[in-house]
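Quick notes on the structure that follows.
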Amino acid sequence: MARRSRTINLPAPYRRRIWLEPSRIANRAAYPFCLPFLQDDFELSFDRSITIIVGENGTGKSTFLEGIAVLAGYDEAGGGKGYMPVDHSKALEKMGGQLSSALRASWLPKITNGWFFRAESFFSVARYLDEVNLEFPDVPGGTPPDFLSHSHGEGFLRFFQERCQKQGIFIFDEPESALSPSRQIEFLKLMRRMDNSQNCQIIMATHSPVLMAYPNARLLRLTKYGLEPVTVEQTDHYKVMREFCDDPAGFVEAAIEE
Amino acid sequence: MGFAALYPSYALEPVTVEETDHYRVMREFCADPASFVEAAIEE
């Protein structure tokens with residue numbers, strides 16, 4: 001008989017700290033271990049339920065999240081514990097798993113429920129969930145979730161709202177990619193509900209200033225020097241957006257001039 | 001039956017960037033991020 005996981009009566013954050021164990025790295029020159037921020041003394045403490053990571057493309061945010069996700073027991077392609085909906089056996093880039101082998105984590109307590117959301121694999125995961133429920137219509141609660149018949153943004157939101165209600169650790173890699181500004185506000189509301197429940201930990205990477213501005217989150221900027229606390233207003237993302245809003249036509253004209 | 005007849009509430013119309021909801025939301029947000037988010041997520 002399958003064991004039902006019970007809710008543990010301790011508040012998030014459950015993952016308290018992550019650090020690099022240099023002795024576990026076979027080849028320092030190989031990716032992902034050559035990422036500049038992965039110094040020997042690299043560590044990250046989680047002091048809030050919600051941690052938001054910002055940074056330019058190429059700094060290693062996604063690889064870092066993959067590493068965190070694999071360490072939590074999720075597939076690096078996305079999904080929850082035990083889900084392997086994406087066949088990436090022939091993928092050349094499977095970096096999160098490699099990175100996780102050199103990471104250590106402390107928990108209070110260890111939580112294995114949750115979800116690793118990646119925009120790029122959302123449709124594979126959603127299709128898998130739709131098909132599983134179609135194949136086994138008699139399973140309790142087995143109504144096909146039918147995520148894919150909705151618009152992109154609506155499917156995302158329904159998926160989040162359904163998956164993010166229970167205690168767990170939820171890792172989001174650029175959830176804004178399918179969300180219009182108004183849907184990003186809906187996503188912020190979901191974050192607020194998860195935050196208020198006190199039994200959800202969120203670790204998220206985003207390029208969206210709107211999501212970065214979630215109150216009471218720990219906002220960190222990833223650079224080649226490591227992770228540092230930052231305010232929304234200090235991020236390049238916000239500065240660019242504000243410049244654009246002041247004068248859209250002038251901004252674009254100047255930006256595309258070669 | 002044409003698209004407009006099938007979907008009477010949807011149509012394509014010329015618009016400027018400044019007239020879009022996307023831009024308006026972004027501009028409001030940029031003016032005061034913290035207050036904007038606090039007001040927007042109040043339920």
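The values are calculated or read from the model by the stated rules, or taken from the named source; none is laboratory data. It should be emphasised that the depicted structure is a prediction, and the values quoted were computed from it without experimental measurement. As a convention, Cβ positions derive from the backbone with ideal geometry for all residues, glycine included, and neighbour counts pool all protein chains shown.
Residues in the stretch A:159-166: is at least one modelled with pLDDT of 85 or more, over 30 Å from A:Asp40 (Cα atoms) and more than 15 Å from the chain's Cα centre (by Cα)?
The initial filter retains those residues of the stretch A:159-166 that are modelled with pLDDT of 85 or more, namely A:166.
After this cut, where a residue has to be over 30 Å from A:Asp40 (Cα atoms) as well, the list is A:166.
Filter once more, keeping what is more than 15 Å from the chain's Cα centre (by Cα): A:166.
Scanning the stretch A:159-166, I find at least one residue that is modelled with pLDDT of 85 or more, over 30 Å from A:Asp40 (Cα atoms) and more than 15 Å from the chain's Cα centre (by Cα), so the answer is yes.
Among the residues of the stretch A:169-185, which ones are at the interface with chain B (Cβ under 9 Å from one of its Cβ atoms), closer than 20 Å to B:Glu38 by Cβ and in contact (Cβ under 8 Å) with a residue 12 or more places away in the chain?
We begin by selecting, within the stretch A:169-185, every residue at the interface with chain B (Cβ under 9 Å from one of its Cβ atoms); these are A:180-182, A:184-185.
Now drop any that are not closer than 20 Å to B:Glu38 by Cβ, which leaves A:181-182, A:184-185.
A:Pro181, A:Gln184, A:Ile185 - these are the residues of the stretch A:169-185 that are at the interface with chain B (Cβ under 9 Å from one of its Cβ atoms), closer than 20 Å to B:Glu38 by Cβ and in contact (Cβ under 8 Å) with a residue 12 or more places away in the chain.
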Any idea which residue in the stretch A:195-222 is farthest from the other protein chains (Cβ to nearest Cβ), counting only those that are out of contact with any Gly (no Cβ under 9 Å at 6 or more places or on another chain) and more than 22 Å from A:His237 (Cα to Cα)? A:Gln198
Just name the residue that is modelled with the highest pLDDT out of those in the stretch A:184-231 that are crowded, with 16+ Cβ neighbours inside 10 Å and of a type in the set (Phe, Trp, Tyr). A:Tyr214
Write out, first by first residue and then by second, each pair whose Cβ atoms fall under 6 Å of each other, whose residues are 6+ apart or on separate chains, and whose first residue, in the stretch A:235-258, is at the interface with another protein chain (Cβ under 10 Å from one of its Cβ atoms) and over 17 Å from A:Pro181 (Cβ atoms) while the second is assigned to a helix (DSSP H, G or I) and of a type outside the set (Lys, Arg). A:Glu243/A:Phe251
Do we find a residue being assigned to a helix (DSSP H, G or I), closer than 18 Å to A:Ala69 by Cα and out of contact with any Ser or Thr (no Cβ under 9 Å at 6 or more places or on another chain) anywhere in the stretch A:163-179? yes
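Suppose the filter is under 15 Å from A:Phe117 (Cβ atoms) and either without any contact (Cβ under 8 Å) to a residue 40 or more places away in the chain or out of contact with any Asp or Glu (no Cβ under 8 Å at 6 or more places or on another chain) (or both); does A:Leu219 pass it?
Working: under 15 Å from A:Phe117 (Cβ atoms): no; either without any contact (Cβ under 8 Å) to a residue 40 or more places away in the chain or out of contact with any Asp or Glu (no Cβ under 8 Å at 6 or more places or on another chain) (or both): yes.
No.
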